[in-house]
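These notes are about the structure you will find just below.
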Amino acid sequence: MIKRTIEDLKDNQLEGKRVLVRVDFNVPLNEELEITDDTRIKAALPTIKYLVSHQAKVILMSHLGRPKGKVVEKLRLDPVARRLSELLKQDIKKVNDCIGEEVEKVVSNMQKGEVVLLENLRFYPEEEKNDYEFSKKLANLADVFINDAFGTAHRAHASTVGVAELLPSYAGFLMAREIEVLSNLMENPERPFVVVLGGAKISGKIEIVQNLLSIADRILISGGMSYTCLAALGYEVGNSLLEEYDLEIVRKMLKKAEKKGNKILLPVDLVITKEVSEKAESKIFEIDSIPKDGTGVDLGEKSLIEFEKEIKKAKTVFWNGPVGVFEIEKYAKGTNRIAKILADMQGKAVTIIGGGDSIAAIDKAGLTEKMTHISTGGGASLEFLGGKKLPGIEVLPEK
Ligand code: AMP
């Protein structure tokens, strides 16, 4: 899949032209509305800098959080504009809307090399509905469209799909790199290829595991998803996080994995507590003796040793989702250990991290530089590996 990219645009298609760029500035903010992790802003810089240096008029658009189609003051993009301006060392003009008269006026007065940031797209319900009229209003602002928001590529929204259908469209540098790395992973991974899955949710991930069964050599399942698997196998998992899920489907998947040479590895022991808090006591239990009032919060020592053994054999590793409730320091041990194992494989294996929480854990441990590739889209990278077509990528023309 070779998509047309920003580098396929000739100089005269950029100089003085209005270029609308969908970026993913969905950054975490604290109570004081300060950005606690600017990775996503930094990830968009190569595309923005390239456009500025080619004298384009750069119009940036993004969503932030879940305002559910209404203006939510706390979710305005002003903190992003300030941080972006610092990083670019250039003034950014922030507009308080993403469509309408004010925006049109600002855009028509733009100079070459100037950067404008539009307001949170999701203040309009039309964005997530991929509404045609809304897409048209966004598209009318520009001559060219660039999608650099891999994190939302799995959603068919007005700013990812609608606009791309109306304007000449290209992938930005970040999008192009994500497609390249993940396509390689799917089509030609150096083997053994081991996938480590964690996190809370299982919904949506079962289909991904089904697909991975024919791509990966080993799939290590932890976190909330593993409890559902253990429950499907008849184990008592106490009060551990269990999503309502058709256990028969999970059972079938596990059977299939067994037939394919025991492809799925589940925990053999877990850290169990009665109350998920820093102060509460916790103890390791084997999976066949989990107490009825216990909650699983991290991988146990034996599980970690098994996981480590499998990961170390790999030439390619993809990791998505923390293996425990890593926000609580005491239960972050397993997640930190996985991060450390991957970091130690630098130069010996390809290590790809997909998604928010695993990135946060690696970042906290100061190990980011040691990974081969950190994908900015958790959900998007998982769906990509799951063999699903991502609408935001599908709609971009091929070379
Ligand atoms: P997800 O969005 O599905 O990747 O889930 C991320 C969340 O999974 C983090 O907030 C973790 O605290 C949570 N998580 C990981 N392991 C567990 C676990 N064993 N029990 C409950 N939550 C978990």
Checklist outcome for this item: Treating only Lys and Arg (+1) and Asp and Glu (-1) as charged, each at its beta carbon, one finds that the stretch 6-174 has a dipole about its Cα centre, in Debye to the nearest 20, of 60 debye
Item to check | Neighbour net charge for LYS399 - beta-carbon separation under 12 angstrom, K R +1, D E -1 | outcome: -1
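Just order 285-291, 305-311 by mean Cβ neighbour count inside 10 Å, highest at the front, would you?
305-311, 285-291
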Item to check | Linear extension gain, GLU104 paired with LEU45, 0.36 nm per residue minus alpha-carbon span | outcome: 18.8 nm
Next on the checklist: Starting from 0.36 nm per residue, how many nanometres of slack lie between ASP344 and ASN262 once their C-alpha separation is accounted for?
Outcome noted: 26.9 nm
Checklist entry - Just LEU117, LEU87, LEU230 to compare: in a GNM of the chain, with alpha carbon springs under 10 Å, which one fluctuates most? => result LEU87
Checklist outcome for this item: Two pseudo-spin positions, 7 Å from Cα along C-beta at LYS74 and at GLU244, lie apart in nanometres by 2.8 nm
Checklist entry - Beyond 33 Å, what percent of the Cα pairs of the chain remain? => result 36 percent
Next on the checklist: Under a crude label model (7 Å from the Cα following the beta-carbon direction), how far is LEU233 from SER85 in nanometres?
Outcome noted: 5.6 nm
Checklist entry - What is the stretch 6-174 by shape, rounded, prolate or oblate, if you read a ≥ b ≥ c off the alpha carbon gyration tensor as root eigenvalues and call it rounded for a/c under 1.5, prolate for a/b larger than b/c, and oblate otherwise? => result rounded
Checklist entry - Between ILE284 and LYS302, how many nm apart are label points set 7 Å from Cα along the C-beta direction? => result 0.9 nm
Checklist entry - PRE reach from ASN12 (point 7 Å along Cα→Cβ): which of the stretch 36-76 fall under 18 Å by backbone N? => result 54-57
Next on the checklist: About the Cα centre, and with charges only on the beta carbon of Lys, Arg (+1) and Asp, Glu (-1), how big is the dipole of the chain? Nearest 20 debye, please.
Outcome noted: 860 debye
Checklist outcome for this item: the chain: antiparallel bridges as % of DSSP beta bridges, rounded to 5, reads 25 percent
Item to check | Per-residue [θ]222 nm for the chain (sum of -39500 (n - 2.57) over DSSP H runs n ≥ 4, rounded to 500) | outcome: -10000 deg cm²/dmol
Checklist entry - With the Cα gyration tensor of the stretch 181-385 giving a ≥ b ≥ c as the square roots of its eigenvalues, does the rule (a/c under 1.5 for rounded; else a/b larger than b/c for prolate; else oblate) give rounded, prolate or oblate? => result oblate
Checklist outcome for this item: Residue separation between LYS112 and LYS312 times 0.36 nm, minus their alpha-carbon distance, gives in nm 66.9 nm
Checklist outcome for this item: Per the 1/(1 + (r/R0)^6) rule, R0 = 35 Å and r from the Cβ atoms of LEU213 and GLU275, FRET efficiency to 0.05 is 0.45
Checklist entry - Sorting LEU213, LEU75 on the 10 Å Cβ count, fewest up front, what's the list? => result LEU213, LEU75
Checklist entry - Which whole-number percent gives the relative contact order of the stretch 266-399, counting Cα pairs below 8 Å spaced six or more residues apart? => result 18 percent
Checklist entry - Between VAL21, VAL325, LEU304, whose Cα lies farthest towards the positive end of the dipole of the chain when Lys and Arg beta carbons carry +1 and Asp and Glu beta carbons carry -1, centred on the Cα centre? => result LEU304
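None of the figures in this text is laboratory data; all of them are computed from the coordinates on show. Nothing here was measured: the structure is a model prediction, and the numbers come from that model. Note that each Cβ is placed from the backbone with ideal geometry, even for glycine, and that neighbours are counted across all protein chains shown.
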